[in-house]
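The values are calculated or read from the model by the stated rules, or taken from the named source; none is laboratory data. The model shown is predicted, which means the values in this text are computed figures rather than measured ones. Every residue, glycine among them, receives a Cβ derived from its backbone with ideal geometry; neighbour counts consider all protein chains shown.
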Amino acid sequence: MKNILFFVLFFGICSLSNCKTQDVRKSSIDTTSLEFGKKSKIYFLDSIQASTAIITDEIDHFFERVTFTEMEIQMKNASLSSNRDAAIRDYKDFLSSDVESFTENDIENLKLVFESIKTMLFSINPNLLENDVQLIKTKGNHYGGSVYYTRENKIIIPANELENFSEKSFLEVMLHEYFHVFSRLHKKTRDEIYNLIGFQEVNGIIVLPEQLGKRKLLNPDGTTDYYIPLKNTEGKTVYAYPLISANRDHFTPDHPSFFEYLEFQLYELVPGEDNVLNLVVNEKGKSTIPFEKIPSFFQSIKDNTNYIIHPDEIMADNFIYAVMYLSKNEKAKNFSDEGMKLIESFGQIIKKFNQ
């Protein structure tokens, strides 16, 4: 999930089966499109196509996992049916109504951006282009204006950002979002990329305390479960799990914005019996490893980005920097030595990527 305002304010804050990957990547949609790779296209979905595509997720299973609290916040409705099936139907209807067709000007502008991305990625490794991508235009009523995100191989683009189109900023954001699609479809490479900053896949069932579980929010760009081993200030190794949650149980009209609810923290995972991993909270239901107790976290993820709510967000920003550096020999900013080493290591992985 890429929100420019959230990015600025942050510090003021499953295995994928090959058959499903192929189902998503190969599209037969008859709509405006752009040739991308030898076997891939960028599709611009109209409102009818988008109304179905936005509520379809057979990879991350978002709709099987989304909480009542999150649906309330997105719909701005504290009176959802207590029946989950009925609530999901209402939520999907809401999402389906929150899309619209791209204008001719939108398509023209986005084609410019993806032609540039195509040229950049091709110069690094043509294999990076072999993913179909479906673009959806949203009115922005669920997450809010200026919020980009992905689902399966779809990139959801807010209408207000298209109205204020800037080719440079769109190029960077679309690279960020394209990485989310790429990492979702290529788990082996995703694991290798995450490992650059110390994250490893969770092998077990995470059990959240009941209240925190009800408040869990899903980042649609990173719903996968990864943890990072860290040293705390006492020298003990802890297994830290990134989690975003709501700061209250229900939507309230005096807090209409999705991001007013969002809290991010690392929580300690402790192995239990029968492949269970228990998430630890203190007596107030808060994390037992606040950031000041685990400075090794920032040493591990480096200092290239403040967008740290999930390893996929951290590495999506680093993907931008690696692509710019490899394709144009340009640095997005002045990186530390450790930050530059991360970009170079990332670059080696994407240069050798093969389907």
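Kindly indicate whether Glu58 is assigned to a helix (DSSP H, G or I) and either within 23 Å of the chain's Cα centre (by Cα) or closer than 23 Å to Leu34 by Cα (or both). So Glu58 does not fit the description; no.
Residue under question is Ile320, and the condition is that it be touching a helix residue (DSSP H, G or I) at 6+ places or on another chain (Cβ under 8 Å), crowded, with 21+ Cβ neighbours inside 10 Å and under 28 Å from Asn127 (Cα atoms); does it hold? So Ile320 passes the test. I'd like to check something: does the range 225-239 contain any residue that is touching a Leu at 6+ places or on another chain (Cβ under 8 Å), assigned to a loop (DSSP other than H, G, I, E, B) and more than 30 Å from Leu121 (Cβ to Cβ)? Looking for residues that are touching a Leu at 6+ places or on another chain (Cβ under 8 Å), assigned to a loop (DSSP other than H, G, I, E, B) and more than 30 Å from Leu121 (Cβ to Cβ), one finds none in the range 225-239, hence no. I'd like the full set of residues that are more than 20 Å from Asn219 (Cα to Cα), part of a loop (DSSP other than H, G, I, E, B) and in contact with a Leu (Cβ under 8 Å, 6 or more places away or on another chain), limited to the range 261-289. Correct list: Val280, Gly285, Ile289. Go through the residues of the range 163-175 one by one and say whether even a single one is over 30 Å from Gln49 (Cα atoms) and within 17 Å of the chain's Cα centre (by Cα). No, the range 163-175 contains no residue that is over 30 Å from Gln49 (Cα atoms) and within 17 Å of the chain's Cα centre (by Cα). Among the residues of the range 52-73, write down those that are crowded, with 19+ Cβ neighbours inside 10 Å and within 15 Å of Asn219 (Cβ to Cβ). If the condition is that a residue be crowded, with 19+ Cβ neighbours inside 10 Å and within 15 Å of Asn219 (Cβ to Cβ), then Asp57, Ile59, Asp60, Val66, Thr69, Glu70, Ile73 are the ones that fit.
Residues that are closer than 19 Å to Ser245 by Cβ and charged (D, E, K, R) were ranked within the range 263-292; the one that is surrounded by the most Cβ atoms within 10 Å (Cβ to Cβ) is Glu268. Name the residue, out of Ser300, Ser336, that is over 18 Å from Leu218 (Cα atoms), at pLDDT 95 or above, in contact with a strand residue (DSSP E or B) (Cβ under 7 Å, 6 or more places away or on another chain) and of a type outside the set (A, V, I, L, M). The match here is Ser300.
Among residues of the range 241-269 that are closer than 18 Å to Pro311 by Cβ, those with a Cβ under 7 angstrom from a residue that is among the basic types (Lys, Arg) and surrounded by fewer than 20 Cβ atoms within 10 Å (Cβ to Cβ), sequence gap 6+ or separate chain, pair up as Leu243/Lys216; Ser245/Lys216.
Within the range 305-333, being over 27 Å from Pro220 (Cβ atoms) and part of a helix (DSSP H, G or I) holds for Tyr325, Leu326, Ser327, Lys328.
Of all residues in the range 293-304, those that are in a loop (DSSP other than H, G, I, E, B) have Cβ atoms under 7 Å from Cβ atoms of residues that are surrounded by fewer than 18 Cβ atoms within 10 Å (Cβ to Cβ) and charged (D, E, K, R), 6 or more apart or on another chain, in Lys302/Glu338. Just to be sure, is Leu185 under 21 Å from Ile59 (Cα atoms) and either surrounded by fewer than 15 Cβ atoms within 10 Å (Cβ to Cβ) or within 19 Å of the chain's Cα centre (by Cα) (or both)? For Leu185, the condition - under 21 Å from Ile59 (Cα atoms) and either surrounded by fewer than 15 Cβ atoms within 10 Å (Cβ to Cβ) or within 19 Å of the chain's Cα centre (by Cα) (or both) - is met. Within the range 68-83, residues that are of a type in the set (Gly, Ala, Ser) reach partners that are at pLDDT 95 or above with beta carbons closer than 6 Å, at six or more positions or on different chains, in the pairs Ala78/Glu72; Ala78/His250; Ala78/Phe251; Ser81/Ala87. Residues of the range 82-136 that are over 30 Å from Gln348 (Cβ atoms), of a type in the set (D, E, K, R) and out of contact with any Leu (no Cβ under 7 Å at 6 or more places or on another chain): Arg84, Asp85, Arg89, Lys92, Asp93, Asp98, Glu100, Glu104, Glu108. In the range 80-122, the residue that is nearest to Tyr149 (Cα to Cα) out of those that are part of a helix (DSSP H, G or I) and hydroxyl-bearing (Ser, Thr, Tyr) is Ser96. Can you say whether Asn18 is modelled with pLDDT under 95, closer than 25 Å to Asn127 by Cα and polar (S, T, N, Q), as far as the supplied structure shows? Yes.
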